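Right, one structure below, let's go through it.
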Amino acid sequence: MSIRDVYIVDAVRTPIGKFGGALSSVRPDDLAAHVVRALVDRAPELDPARIDDVVFGDANGAGEDNRDVARMAVLLAGLPVSVPGVTVNRLCGSGLEAVIQAGRAIALGDASIAIAGGVESMSRAPWVLQKPERAFPAGHQQLHSTTLGWRMTNPRMPAEWTIPLGESAELVARKHGITREQQDAFALASHQKAAEAWDKGLYDGEVVPYDGVDLARDECIRDSTSMEALARLKPSFCADGAVTAGNSSPLNDGAAALLLVDDEGLRATGREPLARIRTSAVTGIEPQLFGLGPVEAVHRALAKAGASFADLTTFELNEAFAAQSLGCLAEWPELDPSLVNPRGGAIAIGHPLGASGARLAGSVAHQLAAAGSGTGLAALCIGVGQGLALVLER
C-alpha cells in the first residue's frame, strides 16, 4: 500500500477571545461551525458532500461541547448530513491531534478530503456535580469547575503528579535556572510580535471574525505592556515564585480549522496548497514536568522527517507559560530562537485549549506559504505529561 501525500489547502481561525470577553456569549459548537463554514466558503469549487470526515479537538467537553462537537459543527455549519464528524481529546494538544489523525486517514487512503480543527470556550465551561454514592445525601455537595486543570482526581495518583499547572511551570523554571526577568522579557516579546503581526496584516488571510461579535483581532494582546508593568505582578502559584498572570497564557475562547486533501482532493478544490504534512510524533513525560513534553516529541518528529533544527523556516511552540517555553528552548541549544513564534505566541494571542494545536498548525502553514518554501514545526506541551509535534514542508 502506498502512502499518499497530505496537503493543507487552507487554514482559518477565529480571533481569540479572553475569558468572559467578546466571545463568551458564543457557544463552542457555534464557534466550531463558524470555522468549518468559513473553510467551505473559501473553497467554492469544492462540493461539501465530498468531505469524508471532520475531526475536531476539544479538551473539556463537559458543557455545550458535549455529544461530539465535531458532528454538531457539521450540522450547524449547514454541511450535508452525510458528512461525519468525530471529536478527539489530547487536552492542550487536541487540535493538533485532530490534524494528525485526519492527515493519517488521508495518507492511508481512508479519506481524500477532511477538515481538522479544534475549539474551546473556557468562558462557558460549566461546573459539574458528581452523583452521590448513595441516594438523598444530607450534606453539602461539591461543584467542580471544568475550565482548567485537575478535578475529581483519582486518589491513587501520586501527589506530585497532580500539582497545579503553574506550580509545574515553577519546577521547570527552577530546573533550568530561569529568572523572573527572563520570563517577563519572553512574555513582553510575545505581545510585541503579536501586535506587530496584526499591524502588518499578517493575520488578515487567516482570521475569520465571528458574525455579530465586535472582535476583529485577538483580545488579550497588550500593545502597551512593559517590563515595568509585568514586574509589578505578584507570583500566582508560589509566594517566592516567578510565574505570574503576565508571563502565563490566559484563559480563552476560540476555534480553528484546516482543510486537508490528497492529490485527488487538491484537484477538487482547484487550489494551490499552503503546505504538506511530513511527520509527527507524540511522547510522554513525568506529569509534573509536562511543560518539557515537546522536547523529545520535536526531536522524534524531526528525525522521522530526516531534518534538523538547521532546516527550519519557522517554529510555532505553544506558550503555556514563559518558563515552560524557555525550558524547552534551553534543551534545544542548536535551535535559533528567532525562528520561534515570529508572529507572537499564546501568552499574547491566547490558549483556548482544544483549538490551540490547530491554530499553531494553521499558522505554520500560512507562514510557509508566505515564505514560498521551507520546513516548519508546530509543537505543544500537554497537561498530565505529554508532548506533540508536527512537521510541515512546502
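The values are calculated or read from the model by the stated rules, or taken from the named source; none is laboratory data. From a predicted model like this one, the values you see are computed outputs, not experimental measurements. Cβ: placed from backbone, ideal geometry, glycine included. Neighbour counts: every protein chain shown. Protein only, heavy atoms only, side chains kept; ligands, DNA and RNA dropped before computing areas. Shrake-Rupley method; radii C 1.70, N 1.55, O 1.52, S 1.80 Å.
Just a few scattered comments:
- Only one entry of Arg67, Arg90 meets the criterion of being at pLDDT below 95 and either exposed (fewer than 13 other Cβ atoms within 10 Å of the Cβ) or basic (Lys, Arg) (or both), and that entry is Arg67.
- Of the residues Ala98, Ala173, Ala169, Ala125, the single one that is under 30 Å from Leu266 (Cα atoms), at pLDDT 95 or above and surrounded by 18 or more Cβ atoms within 10 Å (Cβ to Cβ) is Ala98.
Residues checked against (1) touching a Leu at 6+ places or on another chain (Cβ under 9 Å); (2) open to solvent by 10 Å² or more (accessible area, probe 1.4 Å); (3) in contact (Cβ under 8 Å) with a residue 24 or more places away in the chain:
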site	(1), (2), (3)
Pro287	no, yes, yes
Asp311	yes, yes, yes
Thr314	yes, no, yes
Gly362	yes, no, yes
Gln386	yes, yes, yes
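- For the range 354-371, the condition holds for no residue, the condition being that it is within 16 Å of Ile285 (Cβ to Cβ), in contact with a Gly (Cβ under 7 Å, 6 or more places away or on another chain), of a type outside the set (D, E, K, R) and assigned to a helix (DSSP H, G or I).
- Residues of the range 1-54 that are among the acidic types (Asp, Glu) and either more than 15 Å from Asp65 (Cβ to Cβ) or open to solvent by 30 Å² or more (accessible area, probe 1.4 Å) (or both): Asp5, Asp10, Asp30, Asp41, Glu45, Asp47, Asp52, Asp53.
- Looking only at the range 256-280, and only at residues there that are open to solvent by 10 Å² or more (accessible area, probe 1.4 Å) and small (Gly, Ala, Ser), the one that is nearest to Arg180 (Cα to Cα): Ser280
- Count of the range 193-225 residues which are within 23 Å of Ala245 (Cβ to Cβ) and either surrounded by 14 or more Cβ atoms within 10 Å (Cβ to Cβ) or touching a Cys at 6+ places or on another chain (Cβ under 8 Å) (or both): 14
- Glu228 being part of a helix (DSSP H, G or I), free of Cβ contacts under 8 Å to residues at least 12 places away in the same chain and either open to solvent by 50 Å² or more (accessible area, probe 1.4 Å) or within 25 Å of Ala11 (Cα to Cα) (or both): yes
- For the range 231-255, the tally of residues that are open to solvent by 20 Å² or more (accessible area, probe 1.4 Å), in contact with a Leu (Cβ under 8 Å, 6 or more places away or on another chain) and touching a residue at least 24 places away in the same chain (Cβ under 8 Å) stands at 1.
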